[in-house]
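What follows is a single structure, written as structure tokens, with notes after it.
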Amino acid sequence: MMKIIGIETSCDETAVCLVEAQGEFGPDFRYSVRGNALLSQAALHAQYGGVFPNLAKREHAKNLVPLLQKALEEAGELKGPEGPVSGAPLVPLKSLLEREPELLKALIPFFLKFRKPAVDAIAVTAGPGLEPALWVGINFARALAQVWRLPLVAVNHMEGHIILSLMEHTHIPKSVSTSERLSSFEFPLIALLISGGHTELVLSKKFGEYELVGATRDDAAGEAFDKVARLLDLPYPGGPEISRLATEARERNIKGDFTFTRPMLRDDNFDFSFSGLKTAVRKLLESREMTDELKLQVAREFEECVADVLAQKTLRAIESFDANSLVVGGGVSANTFIRQQLAKCLEDEGNIAKLLVPPAALATDNAIMIALTGYFHAQRGDFAESDALRAVGNLKIDM
Ligand code: KG4
Ligand code: ZN
């Protein structure tokens, strides 16, 4: 049995959790979410129309200690000191957190007030993501590891999305749970990772081994949702907003007299491109008067266009690599219509692969995905040296 703290700060969610897990990934694997705390900065970034890295960094620094405290409390692991408190082990923190003065200020009283929880390791996102944001999480993790003398695990955020989608989550909508397991599925799997920064097709033949088989050549799917939302005067993040309008358009049977070309659908590869689609939306909007009706029409056609391309290219990858499972992860996988299209495509082909999607509440960034992936690596003795741990903005999944 292992208890592991997960820390996620790669973009605009600050998240900390405590997960308890046992067994190797397989039928005997069990995990419990003991404590889980998350704060989204989306509303704050909305005024800039996207994530503003230095603002994200400041907010992470402000929120990490309160979130850790909340997660530990939920887990019953927030306890006062047993004996007299000494600040001596905290001295090296000053140099470790030289560039995070705000975090240092919050951490010192925290360490003096609470004793080391019964935890075995600290897992933190090392990339991909916004480097200033990643660094805060990493330095926070290093500080915890140093003071509590715990090993560190560096987690690839995209692997986190995959691993999370492979789990059962009977606890949702509750945040904590006991005795969850892996979903039943078979390798090889194709993972469609769709988020604000990524659109990737990944092939995996076993846990921990990944091959990138396709990616976007320009904008990510989530980025396209966010940019088109901006063209439609909708707030950030645009995905849920567009999805809301598109759903309304379908319900009310509102459809425009235009279509957008499905980008790269006929190309003989597994790559994507969404920047031309955004341009097509912009050109259309320039030629017409913006009305609520037009917004509904554009949202619907745009969402259907993205869903078509994602579903058809994914299906082609499943067929080419004889995959038995399709794993979907990343913020855009919260999109109901895209999920439905993927399910429908698989069904039309006689359910050639089992579809695994995360509950919508865990499709966007969270710390549970980081703790679970960290557990997998910790089990294999794959720990990170504190001094060598770096934020890598463009960290790849297949290295
Ligand atoms: O995985 P994620 O939380 O953060 C990154 O790692 O990027 O994904 C965020 C992205 C944003 O672009 C957001 O607009 C998009 O996911 N998103 C959606 C939906 N919910 C979030 N896109 C389409 N439909 C949704 N329902
Ligand atoms: Zn993500």
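Where a number appears in this text, it was derived from the coordinates with a stated rule and is not lab data. In this text, all values refer to a predicted model and were calculated from it rather than measured experimentally. Cβ coordinates were reconstructed from backbone atoms using ideal geometry, including for glycine residues, and neighbour counts include every protein chain displayed.
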Please state the charge dipole magnitude for the chain, taken about the Cα centre, from unit charges on C-beta atoms (+1 on K and R, -1 on D and E), reported in debye and rounded to the nearest 20. 1020 debye
Between residue 354 and residue 217, how many nm apart are label points set 7 Å from Cα along the C-beta direction? 3.6 nm
Segment 135-228 - charge dipole about Cα centre, Lys and Arg +1 at Cβ, Asp and Glu -1, debye rounded to 20: 440 debye
Using Cα pairs under 8 angstrom and six or more residues apart, how large is the relative contact order of segment 253-399, in percent? 20 percent
Contact order relative to length for segment 67-188, counting C-alpha pairs under 8 Å separated by 6 or more residues, stands in percent at 21 percent
Averaged over all viewing directions, the convex hull of the alpha carbons in segment 122-190 casts a projected area in nm² of 6.5 nm²
Taking 10 °C and 1.306 mPa s as the conditions, I'd like the Stokes-Einstein D for segment 4-45 in µm²/s, using the Kirkwood hydrodynamic radius from alpha carbon pairs. 134 µm²/s
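For residue 385 and residue 88 in the same chain, what is the full-extension length gain: residue separation times 0.36 nm, less their Cα-Cα distance, in nm?
104.7 nm
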Using unit Cβ charges (K, R positive; D, E negative) and no other charged atoms, how large, in debye to the nearest 20, is the dipole of segment 178-302 about its Cα centre? 180 debye
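Can you give me the convex hull volume of the Cα atoms of segment 302-399, divided per residue and expressed in Å³?
Normalising the Cα hull of segment 302-399 by residue number yields 141 Å³.
Would you mind estimating how fast segment 202-352 diffuses translationally, via Stokes-Einstein at 37 °C and 0.692 mPa s with the Kirkwood radius over Cα pairs, in µm²/s?
In µm²/s, the coefficient is 203.
Between residue 233 and residue 105, what is 0.36 nm times their sequence separation minus the Cα-Cα distance? Round to one decimal in nm.
Gain on extension, residue 233 to residue 105, equals 42.1 nm.
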At most 13 other Cβ atoms within 10 Å and a DSSP loop assignment: could you name the GluC sites (Glu not before Pro) in segment 1-61 that fit? 24
Relative contact order of segment 172-276: what whole-number percent is it, with Cα pairs under 8 angstrom and at least 6 residues apart? 23 percent
For the chain, what proportion of DSSP beta bridges, expressed in % and rounded to the nearest 5, is antiparallel? 65 percent
Convex hull projection area averaged over all views, the chain, Cα basis, nm²: 19.4 nm²
Cα-based Rg then Dmax for segment 83-231, in Å, read 19.6, 60
Would you please state which residues of segment 222-254 a label at residue 336 would reach in this model, taking the label point 7 Å out along Cα→Cβ and a backbone N cut-off of under 20 Å? 222, 225-226, 229, 235, 237-254
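Could you order the peptides 349-362, 331-344 from most to least packed, using the average number of other C-beta atoms within 10 Å per residue?
331-344, 349-362
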Residue-by-residue Karplus 3J(HN,Hα) for segment 242-251, coefficients 6.51, -1.76, 1.60, Hz, glycine and proline x: 4, 4, 4, 5, 4, 5, 4, 4, 5, 4
Out of the DSSP beta bridges found with both residues in segment 1-129, what percent are antiparallel (nearest 5)? 80 percent
Picking from 358, 221, 280, whose Cα lies most toward the positive end of the charge dipole for the chain (charges on Cβ: Lys, Arg +1; Asp, Glu -1)? 358
Give me the one-decimal nm value for the distance between modelled label points at residue 30 and residue 1, 7 Å along each residue's Cα-to-Cβ direction. 0.9 nm
The FRET efficiency for residue 185 and residue 73, from their Cβ-Cβ distance with R0 = 30 Å and rounded to 0.05, is 0.30
